[in-house]
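Bear in mind these aren't lab numbers, they're just calculated from the coordinates by the rules spelled out. Computed from a predicted structure; not experimentally measured. Because the Cβ atoms are built from the backbone with ideal geometry, glycine has one as well, and the counts that use them run over all protein chains shown.
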Amino acid sequence: MRISRATPGDSAALTEIAFRAKRHWGYPEGWIRRWKRVLTLTPAYIRSNPTYAARAGATIVGFASLQRSGDVATLEHLWVSPAHFGGGVGRLLFRRCEKEARKMGAAVLQVESDPNAEGFYHAMGAVTVGRRAASLDGEKRYLPLLEKSLV
């Protein structure tokens, strides 16, 4: 497994992984369509934000991206192809983002997580600091807000 900087030309592959990973949790297709903007990685986004791809040979099997504001880095994306869940890809991507966030001078790494991924972030050392209401179609949902100290 190799983690390297994603290129704008990787945008379609990264987007496909994000959609596959989100669908894995059994969300209604109407919700998936509503999340299209959030799940789509454009070449411009990749050029503007540190984005890392996990590659098994020539195949991208996961990716992660960061944004930074002051001493806070935000893990904007961390998606793994469902066929590679549990194989350490997410852990490698998270660790790479931690390292890069520190290099950027961030003191904290923040994540707004899918509820299904909260346990993963706890295993990575992040703590839940709150929840954001994200109800859809009358169904109450809350997204975990997590932080990990980088100092």
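Values for this structure:
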item: Phi-based couplings in Hz for the stretch 28-38 (Karplus 6.51, -1.76, 1.60; Gly and Pro marked x); result: x, 4, x, 5, 4, 4, 5, 8, 3, 4, 6
item: Residues whose placed amide H lies under 5 Å from that of V61, excluding near-sequence neighbours; result: A54, R55, A56
item: Distant-in-sequence amide H partners of A6 (H built 1.01 Å from N, under 5 Å); result: T51, Y52, A53
item: From phi via Karplus (6.51, -1.76, 1.60), per-residue ³J(HN,Hα) for the stretch 121-126 in Hz, x at Gly/Pro; result: 5, 4, 5, 8, x, 7
item: Dipole magnitude of the chain about its Cα centre (Cβ charges: Lys, Arg +1; Asp, Glu -1), debye to nearest 20; result: 260
item: Amide H contacts of E76 (H built 1.01 Å from N, under 5 Å, at least 5 apart or other chain); result: S65, L66, Q67
item: Stokes-Einstein D (µm²/s) once Rh is taken as the Kirkwood radius of the chain over alpha-carbon pairs, at 37 °C in 0.692 mPa s; result: 209
item: Mean separation of Cα contacts under 8 Å, 6 or more apart, over the residue count of the stretch 42-151: relative contact order %; result: 21
